[in-house]
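Enquirer: Following this message is one structure expressed as structure tokens.
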Amino acid sequence: MGITSRQRFPRLLITLCLVTFGIPLSSQEDKTKCHQACHPTVPGKINAHIIAHTHDDVGWLKTVDQYYYGSKKEHSQLGVQYILDSVTSELAKNKDRRFVYVETSFFWRWWEEQNEHVRVSVKELVDQGRLEFLLGGWCMSDEASPHYSALIDQMTLGLKYLNDTFGECGQPKVAWQIDPFGHSAEVALEFADMGFDGVFFGRIDHEDIALRKKNKTMEMVWRPDDTLGPEGDFFTGVMYNIYDPPAGFCFDTYCDDEPIMDNPKLHGVNVNTRVSEFIEIVKKYAQAYKTNNVIITMGGDFNYVVASSWFKNIDKLIKYVNAKPNSEVNVLYSTPACYLEALNKENITWPSKMDDDFFPYGSDEHSYWTGYYTSRPTFKYFVYQVNVALQMTKQLKTALPNDTLAEEQFLLQRAMGIAQHHDAVSGTERQHVTDDYSLYLYEGVQAAMKVINAAYR
């Protein structure tokens, strides 16, 4: 059966947005250029793909800008600007290291402050596949509350920015929805239309994930709408430990886990014990997956402020696990795109999920995340109304010369972009954070009025 009229309009709109803003649509030929740096896997061993990452909420307990600068330390002492400073510096020290980043709104803030020397260095990291962007939206959006046009707009805004800044190598190949509280079929269809190779989740219902671990169905081909047939198929992976590191292997500065101590001239050497513990964890993870490849996320909320504490210990894990005689495990720095490349080489048939979604999300037996569908209704209404203003502004802006009032429109787009975050329109943030989102939206509308007035003159 073909695409119905109900389905055709959103799918056509996605394509028009991507083409209009100059974002190259994905193709198999395009996807090899920046992936030459994928580390090789070892046949016959369990390949543990280390995904070094940070999850940076675009507002939650603090406002987006408080998180960026690291202010209001009573809520959190971490600042995203320092994370990006530290990560890019550490990546430059060792060409084997890899890191992935998601939140374009934070990256835009940081990039605006960098000098040409830093920009050249970071572009080199991106071109060599050592720094890989995932998802590419202005935020990691909620999947239950936003209007679909607002989701497309925030994705377009982020993807266009990455494309303008880094070209083809800045184009994400994988969607990364690790923290939203459930997942919708409509968003999966949008991601498939945007050309992503797949999506990875952190949160699905506790009973669902327990069954999937038992049956080795953590990775699947999801067909969110059966009327589309194979055209709508989308590879979907669920991670073992949400998006956190394995128990005992958090190397961030606020964690209590032991580092890898390996110098025999010093006291407290623990490298053999730590390596054995890590190997057992990898084997446990691998029991839930169909292939000999498994993702091991190394990072968490606002991690990597001191990136050296992570990279030094991961370097040691890779060195000593791989040097262990008769080890069944091979550890490598990787990215989700490289991981999917390894899975593709396995050439296996994946289990399927047909005509369904991942709602509601239950984190345990008596905790179902459904209240946020209607929480903060006034703020939800405000976001929807501002979305109408944004659609109107975009249409009227076409009547003006290209650069006329572009910053005013960008201000509204940025405000709407952060409002789609999974702790924004969802209503799961603190009140003062809601107030800050609202102020950004108000300022965006005021700026957009200049565009509207100019178009009608």
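Enquirer: With the crude spin-label approximation of a point 7 Å out along Cα→Cβ, what separation in nm comes out for Ser149 versus Leu400?
Expert: The two pseudo-label positions are separated by 1.9 nm.
Enquirer: Calculate, for Asp257 and Lys324, the FRET efficiency according to 1/(1 + (r/R0)^6) with r their C-beta to C-beta distance and R0 25 Å; round to the nearest 0.05.
Expert: Working: r = 20 Å, r/R0 = 0.82.
Efficiency, rounded to the nearest 0.05: 0.75.
Enquirer: Shifting gears a bit: What is the list of residues in the stretch 263-278 whose amide nitrogen lies under 14 Å from a point 7 angstrom out from the Cα of Lys312, following Cα to Cβ?
Expert: Answer for this model: 263.
Enquirer: With the crude spin-label approximation of a point 7 Å out along Cα→Cβ, what separation in nm comes out for Leu439 versus Thr370?
Expert: The answer from the label model is 3.7 nm.
Enquirer: Please enumerate, by chain and number, the lysines with C-alpha under 20 Å from the C-alpha of Lys73, excluding those fewer than 8 residues away in the same chain.
Expert: Cross-link targets: Lys62.
Enquirer: Please list, in chain and number order, the residues 5+ apart from Ala52 or on another chain whose amide H is under 5 Å from its amide H, with Hs placed from the backbone.
Expert: Those lying under 5 Å, H to H, from Ala52 are Val100, Met298, Ser334.
Enquirer: I've got another one for you. Compute the signed sum of charges (Lys and Arg +1, Asp and Glu -1) over the other residues within less than 11 Å, Cβ to Cβ, of Glu328. Walk me through the numbers on the way to the answer.
Expert: On the way: positive: Lys45, Lys283, Lys324; negative: Glu280.
Surrounding charge for Glu328 is +2.
Enquirer: I would also like to ask the following. Taking the Kirkwood radius as the inverse of the mean 1/r across Cα pairs, report the Rg/Rh of the stretch 213-333. Walk me through the numbers before you get to the answer.
Expert: Working: Rg = 17.6 Å, Rh = 16.4 Å.
We get a ratio of 1.07 for the stretch 213-333.
Enquirer: As a test of the formula, what do you get for the chain when each DSSP H run with n ≥ 4 contributes -39,500 (n - 2.57) and the sum is divided by the residue count, at 222 nm and rounded to the nearest 500 deg cm²/dmol?
Expert: Details: 14 runs with 199 residues, N = 457.
For the chain, the value works out to -14000 deg cm²/dmol.
Enquirer: When the Cα centres of the stretch 114-139 and the stretch 306-374 are compared, how far apart do they sit, in Å?
Expert: 22 Å
Enquirer: Further, regarding this structure: Over the stretch 374-455, calculate the relative contact order: mean separation of alpha carbon pairs under 8 Å at least 6 apart, over the residue count, as a percent.
Expert: Values: 78 pairs, mean separation 38.5, N = 82.
With pairs under 8 Å counted, the relative contact order is 47 percent.
Enquirer: So, one more: When we measure straight from the Cα of Lys213, which aspartates and glutamates land under 20 angstrom away, once same-chain ones fewer than 8 places off are left out?
Expert: Partners found: Asp179, Asp205, Asp244, Glu280, Glu346, Asp356, Asp357, Asp364, Glu365.
Enquirer: On average over all directions, what projected area in square nanometres does the stretch 374-455 have, based on the convex hull of its Cα atoms? It would help to have the intermediate numbers written out before the result.
Expert: Numbers: hull surface 19.4 nm².
In nm², the orientation-averaged hull projection of the stretch 374-455 is 4.9.
Enquirer: Sort Val58, Val321, Val388 so the one with the fewest other Cβ atoms within 10 Å of its own Cβ comes first. The partial results should precede the final answer.
Expert: Values: Val58 29, Val321 20, Val388 11.
Listed from fewest to most nearby Cβ atoms, that is Val388, Val321, Val58.
Enquirer: Also: Considering the stretch 242-290, what Rg and Dmax in Å follow from its alpha-carbon atoms?
Expert: 13.0, 42
Enquirer: Can you give the Kirkwood hydrodynamic radius for the stretch 80-166, in Å, rounded to one decimal and based on Cα pairs?
Expert: Numbers: mean 1/r = 0.0729 Å⁻¹.
It is 13.7 Å.
Enquirer: Would you kindly compute the Cα radius of gyration of the chain and its largest Cα-Cα separation (Dmax), both in Å?
Expert: Expressed in Å, the Cα Rg and Dmax of the chain come to 22.1, 78.
Enquirer: A further question follows. From the alpha carbon gyration tensor of the stretch 376-422, can you work out the equivalent ellipsoid semi-axes (sqrt of 5 times each eigenvalue) and give them in Å, largest to smallest?
Expert: Working: eigenvalues 112, 25, 8 Å².
Each semi-axis is the square root of five times an eigenvalue, giving 24, 11, 6 Å.
Enquirer: Which of the helices in the chain, when you take each full DSSP H run, stretch at least 18 Å along the axis at their Cα atoms and have an average Kyte-Doolittle score of 0.5 or higher? Mind showing how you got there, number by number?
Expert: Details: long enough: 5-20 (22 Å, 0.53); 80-93 (20 Å, 0.31); 148-166 (27 Å, 0.16); 271-286 (22 Å, 0.04); 307-323 (24 Å, -0.15); 377-397 (30 Å, -0.09); 406-419 (20 Å, 0.24); 431-455 (36 Å, 0.00).
Span-like helices here: 5-20.
Enquirer: On the principal axes of its Cα set, how long, how wide and how thick is the stretch 289-357? Give whole Å, largest value first.
Expert: Computed over the Cα atoms, the extents are 44, 36, 16 Å.
We did not get these values from a lab; they are worked out from the coordinates using the rules stated. Everything quoted here is computed from the prediction, not taken from an experiment. Glycine gets a Cβ as well: all are built from the backbone with ideal geometry, and neighbour counts include every protein chain shown.
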